[in-house]
1. If we keep just the residues of the stretch 69-95 that are assigned to a loop (DSSP other than H, G, I, E, B) and buried (at least 17 other Cβ atoms within 10 Å of the Cβ), which is modelled with the highest pLDDT?
2. Would you confirm whether any residue within the stretch 181-195 is out of contact with any Asp or Glu (no Cβ under 7 Å at 6 or more places or on another chain), within 30 Å of VAL117 (Cα to Cα) and among the acidic types (Asp, Glu)?
3. Would you mention how many residues in the stretch 48-68 are surrounded by fewer than 15 Cβ atoms within 10 Å (Cβ to Cβ) and in contact (Cβ under 8 Å) with a residue 40 or more places away in the chain?
4. Return yes or no: is ILE188 buried (at least 21 other Cβ atoms within 10 Å of the Cβ), over 10 Å from the mean Cα position of the chain (by Cα) and farther than 16 Å from MET120 by Cα?
5. PRO212 fails exactly one of the following numbered conditions: (1) at pLDDT 85 or above; (2) in the same structural domain as SER38 (by TED's automatic domain parsing); (3) surrounded by 21 or more Cβ atoms within 10 Å (Cβ to Cβ). What is the number of that condition?
6. Can you find, within the stretch 195-209, the residue that is farthest from ALA86 (Cα to Cα) among those that are more than 11 Å from the chain's Cα centre (by Cα) and either of a type in the set (Asp, Glu) or surrounded by 17 or more Cβ atoms within 10 Å (Cβ to Cβ) (or both)?
7. So which residues in the stretch 221-271 are among the acidic types (Asp, Glu) and at positive phi?
Amino acid sequence: MTRAHHHSESGRSKSALLFAVGLTAVTLVAEGLGGLYSHSLALLSDAGHVFMDLTALLFALFALSLSTRPTSDRRTFGLHRIEVFAALTNGFLVILLAFWIFWESVERLSSAVVPRVVPMATLGFLGLLVNIVVAWRLHHLSRRDINIRAVFLHVASDAMASLGVVIGAVVISQTGWTFVDPLVGIGIALIILANAAGLLRDAFNLLLEGVPKHLNLQEVKAAIRAVPGVASVEDLHLWGLCSHLSSLSAHVKVHPHALKDPNALLNAINSPLREQFHITHTTLQLEPHFSDTPAKE
């Protein structure tokens, strides 16, 4: 991905996040006031969930703004890795949120308080619609940006929580079974925990400079080996700077005749790396390979 393309992607991400912040802030106010009016703990819990969504969105905007700043003599890669730390923070917030929902749901199982179901259902449905719209706007971007993915998980889990509020209100109004709502909350908490675990796994892999999950080291190595003139590849390292920028370094053993035009050879190696794997930052050391000194694989 070129720098110009990255800035274009960042612009689209920022626009989507600003749109999401506005809708989420309105939903937070509506559900918070509605929860107080309806005496609905479920709606207040969902408002707390929305507050966490808003926090995640603001974290993401902050990280995105920093990541687009130019490089410097002190930070030659810029601030792209801020994205990883923001994703880690959001992941831990999601886990805390899941435990809070679980705890409140268990507490609510023993509660006999019957909320006002009409405002509870109405505002729950409003929250559901808002989260569906925001999730739809972020879904495509979440595939390429771990930070946007963190926000998407927040919003998607909140949509489930809003659906739980609506279902709980309908069931309570029809049957009086108040225990249904906290049971839905427990199910939501478990799903949130599973999603957060995946997010943290990806973020820690980036933090530890592991091979990006969308790349296969052996496939990348085979693509380099397939270039005419290349004999073998040694000391290959592949890591992600952030979710959309991957780096590669390697010692490439080449047949002596290929070294007559090293620039052409480098272009031939970088071409599949760029086109097949979207690896644009490479450091390649070309070394002559002679048949009487076989190279290690």
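The values are calculated or read from the model by the stated rules, or taken from the named source; none is laboratory data. What you see is a predicted model; the values in this text were computed from it and never measured. Backbone-built Cβ (ideal geometry, glycine too); neighbour counts: all protein chains shown.
1. Result: ARG81.
2. yes
3. Within the stretch 48-68, residues that are surrounded by fewer than 15 Cβ atoms within 10 Å (Cβ to Cβ) and in contact (Cβ under 8 Å) with a residue 40 or more places away in the chain number 1.
4. Values: buried (at least 21 other Cβ atoms within 10 Å of the Cβ): yes; over 10 Å from the mean Cα position of the chain (by Cα): yes; farther than 16 Å from MET120 by Cα: yes.
It is true that ILE188 is buried (at least 21 other Cβ atoms within 10 Å of the Cβ), over 10 Å from the mean Cα position of the chain (by Cα) and farther than 16 Å from MET120 by Cα.
5. (2) is the only condition that PRO212 fails.
6. Only one residue fits best here, namely GLU209.
7. Taking the stretch 221-271 and keeping what is among the acidic types (Asp, Glu), we get 234-235, 261.
Answer for the stretch 221-271, where residues must be among the acidic types (Asp, Glu) and at positive phi: just ASP235.
Table: residues versus (1) under 22 Å from ILE95 (Cβ atoms); (2) in a helix (DSSP H, G or I); (3) modelled with pLDDT of 80 or more.
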{"position": "LEU141", "(1), (2), (3)": "no, yes, no"}
{"position": "ALA150", "(1), (2), (3)": "yes, yes, no"}
{"position": "VAL155", "(1), (2), (3)": "yes, yes, yes"}
{"position": "SER162", "(1), (2), (3)": "yes, yes, yes"}
{"position": "ILE167", "(1), (2), (3)": "no, yes, yes"}
{"position": "VAL171", "(1), (2), (3)": "no, yes, yes"}
{"position": "GLN174", "(1), (2), (3)": "no, yes, yes"}
{"position": "THR178", "(1), (2), (3)": "no, no, no"}
{"position": "ASN205", "(1), (2), (3)": "yes, yes, yes"}
